[in-house]
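The values are calculated or read from the model by the stated rules, or taken from the named source; none is laboratory data. All values reported here derive from a predicted model rather than from experimental measurement. Glycine gets a Cβ as well: all are built from the backbone with ideal geometry, and neighbour counts include every protein chain shown. Each accessible area value is taken on the protein alone, full model and side chains, heavy atoms only, with ligands, DNA and RNA left out. Shrake-Rupley method; radii C 1.70, N 1.55, O 1.52, S 1.80 Å.
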Amino acid sequence: MNALLYLLVVLIWGTTWIAITLQQQGDVAITVSIFYRFALAAGVMMLVLLLVRRLRRLALRDHLFCMAQGCCVFAFNFYCFYHAAAYISSGLESVIFSMAVLFNAVNSMIFFRQRLSPNLLPASILGMCGIVALFWQDLTATQIAPELLTGIGLSLLGTYGFSLGNMISSRHQRRGLDILSTNAYAMTYGAILMGLFSLIQHQSFTLELSPRYLGSLLYLAIFGSVIAFAAYFSLIGRIGASGAAYSTLLFPLVALTISTFYEDYHWHLNAIIGLILILLGNLVMFSRPGMLQSWFKRAAVQ
């Protein structure tokens, strides 16, 4: 079952990055697109749960945590990533998002007193070196484009917001709350927040009726939100937040492949090295305790 959940998350979320980019090519405001995505996703989840009598009542305190989860995962997170798509390719966004593995490890220590893995430091060094290598050509340019730094910063902020939402989902499941019900409520609160934000900004709620926009909206709402988030948060309950975030390891392979064909992303040597370092950092993060020491000892002997 865990393998199936992993496969669903990797394949769906590995392809949602390009769908987000497709939504940016129209005239609909970012906050409005996010509102429609999660309003549709929450509506579908609520309807299905009501039909099968799975929608659970929550205490006021639990609703407040669902509101916080909605702000972190279904509002702030995507607000950052939708804006970042205007500055860097969708494939590069997914690479930065794979740093959720490290964020989850640190946040699990902060919020749940879980001991940090001894692999965290080498994994973090590899991950940061990988990001620097990935953007090396842009960073060493005579004048670093502010757009690049904006895209990187927004992606990191979005990833951290996603990690905070993971911690709240862990809290729900530690209390025995139904994962589908908490997801539905959190999506509803996230959609309401984005709707209010759109109203404050006087944004138009007129939908673009092109096949490109409507197709990407449906894919992001049903597959990228309802199915993928249910699978991902179920993984958190089964193997923990840090283990579930390991699925982000494979996102860049899917997203960068798509970006190569549809966004004309060019693979330079530094980009290949950067991707390898980031993936290696994630692998190191989840290697067995003592494995690194054993590997280095064998290498020294040889």
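Within the chain, the selection of entire DSSP H helices by a Cα span of 30 Å or greater along the long axis and an average Kyte-Doolittle value of at least -1.0 returns 2-23, 30-51, 146-174, 179-200.
Computed over protein heavy atoms with a 1.4 Å probe, the carbon and sulfur contribution to the accessible area of the chain reaches 69%.
Can you figure out the FRET efficiency of LEU149 with ARG54, using R₀ = 41 Å and their beta-carbon distance, to the nearest 0.05? Once rounded, the FRET efficiency stands at 0.40. Based on protein heavy atoms only, the stretch 76-233 ends up with 43 Å² per residue of surface accessible to a 1.4 Å probe. Can you work out the FRET efficiency for the pair ILE200 and ARG115, with r the C-beta to C-beta distance and R0 = 35 Å, to the nearest 0.05? That pair, ILE200 with ARG115, gives E of 0.20.
Computed extension gain for SER210 through ASP178, at 0.36 nm per residue and net of the alpha carbon distance, reaches 7.8 nm.
The three principal axes of the C-alpha atoms in the chain carry coordinate ranges of 63, 47, 31 Å, sorted with the longest axis first. First check a/c for the stretch 4-153, with a ≥ b ≥ c the square roots of the eigenvalues of its C-alpha gyration tensor; if it is under 1.5, answer rounded, and if not, answer prolate when a/b is larger than b/c or oblate otherwise. Oblate shape, in that a/c is at least 1.5 and b/c is the bigger or equal ratio.
Of SER210, SER89, SER33, the residue with the greatest mean-square motion in the GNM of the chain, using alpha carbon springs below 10 Å, is SER210. Residue ranking by accessible heavy-atom surface, 1.4 Å probe, largest first, among TRP136, TRP267 comes out as TRP136, TRP267.
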